[in-house]
Every structure is written in structure tokens, then in C-alpha cells.
Amino acid sequence: PLDPDGWHNDGTYLDTLNPDAVAEFLRITHDQYAARYGEHFGGLVPAMFTDEPEYGPTHYRPVPGITGFTWTAALPEAFAARRGYDLIDHLPEMVFRTHGREFSPVRYDYRRTVTELFEEAFSRQYGQWCADHNLAMTGHYNAEQSLQFQTRCTGSVMVHYQHQQWPGIDILTDQCDELLTAKQCSSVADQLGKPRVLSEMYGCTGWDWPLGRHKY
């Protein structure tokens, strides 16, 4: 388990694989927005922005000598139901090479399972809450810039975009080499008839960033 830290307001990150935990998160935050400002939803407030959700931030604060994995209490049962075998019996294959193979299919099955749980518990539930409240779910998922980072943080960002009415991305600083990031998002929007995509812009640039670089 993660210890409380200042980055998460002296708490811990939400268990985004647990539908009950996500429902409680929505109840104590978004239901309060609806109670206070719901009359403006769909008008003055057209969308709800989420910033960098993921299925586990363990890669941010690695502990020397310890390999961490995204986990939730229901994972072993869900894994067995979806993949047809016991994950616990194969945990060493998550770290070590076994049977002379370069890669273990257990790793693929694990990532596939946590991706499915993240999509169902967080993305689908969040997107449905927005739809029920006349809002577009928008914002962007963490670490969408490469398939390697997606594997560590979200599994695959494209499966989550289907639940966003306005799927979004993040382009930090003035770099322009994240073609994959933009294309994945626009592709899902095109396939599913989404009316628009959104990009968070200019992050990590600093207040001294000149207008010429904005234009770039």
C-alpha cells in the first residue's frame, strides 16, 4: 500500500480499479458540484475536466530494491474470471524470466486485466456521470505520449477515449513531436463521431515564455 504524501493532499491516490471507491470519489466531489452549480451544467459549464488519471502512480516513487505493481483487492478474483488461471501462482513471472522465455504471457494478461478494470471502474463510470448531468467528460490521461508509458499508467489510452464526450490530450512545453498522442485521440473521435477533441497546452513552460514560442 502507498503511504500518504503531500502530492496527494496528505492522503493517497484513489484506487481507480475499484468501482466502489470511484463511486465514492464522485459522490463527495462531483455530486457536490452538481448540487451547487448543476443549473449551469450544459450551458455556462459545458464539460468536466479530469487531469492525468491512471491506474497506479507507483512508478513515480520507486523504492530501491522493490518492484511495485498496480493492485486492488479484487484483482486476483477478477484475473481468474477473465484470464482463466490464478495470478498469484505466477507472480514471479511478473519480474523474472521463466522457462527460458524472454517474455511471459502473464505480464500481458496482467496489463490487460488492470486496463479493463480501470476502464470499467473509472473511465466508464466517470463518463456516465457526466452524461447523466448534461456534461461532456474531457481532460487527458496520464502518460499518453508513448505506448511504453501508457502500459505503465493506463494500459491503452484509446480504450478510455470512448467514454469521453470530448476526448483530450496534453502537449507540454513547445515540443511538437507527439504525433502519436494527437493521432490516437483524433482517431477515436473520428471513429465514434465525437464532436471535438481538446488539448491542454503550454504546460511546464514558465511565465517567461515568449509569445513567439506560443505561436510555434
Filter segment 24-57 for residues that are hydroxyl-bearing (Ser, Thr, Tyr) and surrounded by fewer than 12 Cβ atoms within 10 Å (Cβ to Cβ); the one that is farthest from PHE118 (Cα to Cα) is TYR37
Subset of segment 86-139, residues under 26 Å from GLY68 (Cα atoms), open to solvent by 10 Å² or more (accessible area, probe 1.4 Å) and of a type in the set (S, T, N, Q), comes to THR98, THR115
Restricting segment 184-216 to residues that are open to solvent by 50 Å² or more (accessible area, probe 1.4 Å) and basic (Lys, Arg), the one modelled with the lowest pLDDT turns out to be LYS215
With the first residue restricted to segment 66-91 and required to be without any contact (Cβ under 8 Å) to a residue 40 or more places away in the chain, and the second required to be open to solvent by 60 Å² or more (accessible area, probe 1.4 Å) and assigned to a helix (DSSP H, G or I), Cβ contacts under 7 Å at 6 or more apart or on different chains are PRO76/ILE88
Filter segment 154-167 for residues that are of a type outside the set (Val, Ile, Thr) and surrounded by fewer than 23 Cβ atoms within 10 Å (Cβ to Cβ); the one that is nearest to the chain's Cα centre (by Cα) is SER156
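The values are calculated or read from the model by the stated rules, or taken from the named source; none is laboratory data. No experiment lies behind these values; they were computed from the predicted model shown. Neighbour counts run over all protein chains shown; Cβ positions are idealised from the backbone, glycine included. The protein model used for the area step is the full one, side chains on, heavy atoms only, and it has no ligands, DNA or RNA in it. Shrake-Rupley method; radii C 1.70, N 1.55, O 1.52, S 1.80 Å.
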